[in-house]
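So the structure is just underneath, and the comments pick up after that.
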Amino acid sequence: MMLRRATLILVPYLWLLALFLVPFLIVLKISLSDTELSIPPYTPTLDFSAGWQGFKDFLSELDFENFQFLAEDDLYWKAYLSSLKIAVIATFLTLLVGYPIAYGMANAPNHWRPTLMLLIILPFWTSFLIRVYSWMGILSNEGYLNQLLMSMGLISEPLIILNTNIAVYIGIVYTYLPFMILPIYSALERLDASLLEAAEDLGCSRFTAFWLVTIPLSKNGIIAGCFLVFIPTLGEFVIPSLLGGSKTLMIGKVLWEEFFNNRDWPVASAVAVILLLILIVPIVLFQRNEQKQREAEG
């Protein structure tokens, strides 16, 4: 029994070691290296083949030049702040759109719920890039949205939506909406309807009962959905690159350009390390919320 329990515990830790800790250490190693015009485009400061002596030399010559460069160049800290702002606003918008949908699904007749769930999950069956490219066709100056609005007489000239932050918000909300809906729906589905009836019997209006009963009882789903949207949005680079254009500044986009356009791997790795350290905070908070939820259910 003890061996079986140890094996079950060991598997996720090995998974984290192989797919998180080892890649992180490699990126950290590159971030402390020097940029060179070579393949790969950096000079490692840590030589594993030299053994303990190489590690001591690495510690004696350790410098954080790349991290200092990030602090001195305002492009990077502005990109971090811009990414945080866009991620927060996009998460809030996704919550505004996702909560009513989840509420409607939870209150729909039982025989309709599987169909509604399928409609939410269905976009995942299509390539992410295809879905983002489709929004380019919808939001462009000659796109379907402008054609529809002009044919209805609502506008006289095309709206400039593509290559703006508005297009980025639309793309993020559309892409990550299921991540917001599903945990909220899971929380609302377990809600005891008799609690709302009791609140209305005590004199609460339907809206007051919703605000005082439904919202607090679905809090865990709201928190989980917000974290599931905020964490990947913060490092997003495909949506801002395709829908936001050159004017949209996000750290994921800067990271991509440093790696593949500038081929400055040490600086790009330093950007990635700081981004990961920023993401650790919401990840830890999300895990604590999940743990509290499991303890409450247990």
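Every number in this text was worked out from the coordinates using simple rules, so none of it is lab data. As the structure is a prediction and not an experimental result, all values here were calculated from the model. Because the Cβ atoms are built from the backbone with ideal geometry, glycine has one as well, and the counts that use them run over all protein chains shown.
Across segment 180-186, coupling constants 3J(HN,Hα) worked out from phi with the 6.51/-1.76/1.60 Karplus curve, θ = phi - 60°, read 8, 5, 4, x, 5, 4, 4 Hz, and Gly and Pro carry x.
Site pair Glu200 and Val22 shows an inter-label distance of 5.8 nm when each label is modelled 7 Å from Cα along Cα→Cβ.
How much length is gained on full extension from Ser134 to Val97, taking 0.36 nm per residue of separation minus their Cα-Cα distance?
Details: separation 37, 0.36 × 37 = 13.32 nm, distance 2.03 nm.
Result: 11.3 nm gained on full extension.
Counting other Cβ atoms within 10 Å, which chymotrypsin sites (Phe, Trp or Tyr not before Pro) in segment 60-154 have at most 12 and lie in a DSSP loop?
Values: sites: Phe64, Phe67, Phe69, Tyr76, Trp77, Tyr80, Phe92, Tyr103, Trp112, Phe124, Trp125, Phe128, Tyr133, Trp135, Tyr144; in loops: Phe64, Trp112.
When the chymotrypsin sites (Phe, Trp or Tyr not before Pro) of segment 60-154 are filtered for loop state and at most 12 Cβ neighbours within 10 Å, Phe64, Trp112 remain.
For segment 229-245, putting each phi into the Karplus relation 6.51 cos²θ - 1.76 cosθ + 1.60 with θ = phi - 60° gives couplings of 8, 5, 4, x, 5, 4, x, 5, 9, 5, 5, x, 6, 8, 9, x, x Hz, in residue order, rounded to whole numbers and with x for Gly and Pro. Under a cut-off of 29 Å between alpha-carbon atoms, report the lysines in cross-link reach of Lys78, not counting same-chain residues fewer than 8 places apart. Those lysines meeting the cut-off are Lys29, Lys247, Lys253. Here's the picture: charge each Lys and Arg Cβ at +1 and each Asp and Glu Cβ at -1 in segment 91-211, and of Ala187, Ser151, Trp135 the one pushed furthest to the positive end of that dipole is Trp135.
Fully extending the segment from Glu295 to Leu217, taken as 0.36 nm per residue of separation minus the present Cα-Cα distance, adds 26.6 nm. In a reduced charge model with +1 at each Lys and Arg Cβ and -1 at each Asp and Glu Cβ, the chain shows a dipole moment near 900 debye about its Cα centre. For Leu32, nonlocal amide neighbours, meaning residues 5 or more places apart or on other chains whose placed amide H falls under 5 Å from its own, do not occur.
Here the label points at Leu118 and Gln68, each 7 Å from Cα along the C-beta direction, are separated by 6.2 nm in the simple model. Remark on Tyr42: its backbone amide H falls under 5 Å from those of Glu36, a criterion applied only to residues 5 or more positions apart or on other chains, H modelled at 1.01 Å from N. The 3J(HN,Hα) values that the Karplus relation (6.51, -1.76, 1.60; θ = phi - 60°) gives for segment 214-222 are, in residue order, 5, 4, x, 6, 9, 4, 4, x, 5 Hz. Gly and Pro appear as x. Backbone N atoms of segment 118-136 closer than 19 Å to the 7 Å Cα→Cβ label point of Val238 belong to residues 120-136.
In nm, what is the difference between 0.36 nm times the number of residues separating Lys85 and Asp34 and their Cα-Cα distance?
Numbers: separation 51, 0.36 × 51 = 18.36 nm, distance 3.18 nm.
Full extension from Lys85 to Asp34 adds 15.2 nm.
More than 36 angstrom separation, counting every C-alpha pair in the chain; what % is that? Walk me through the numbers before you get to the answer.
Details: 15681 of 44253 pairs.
Across the chain, Cα pairs with separations above 36 Å total 35 percent.
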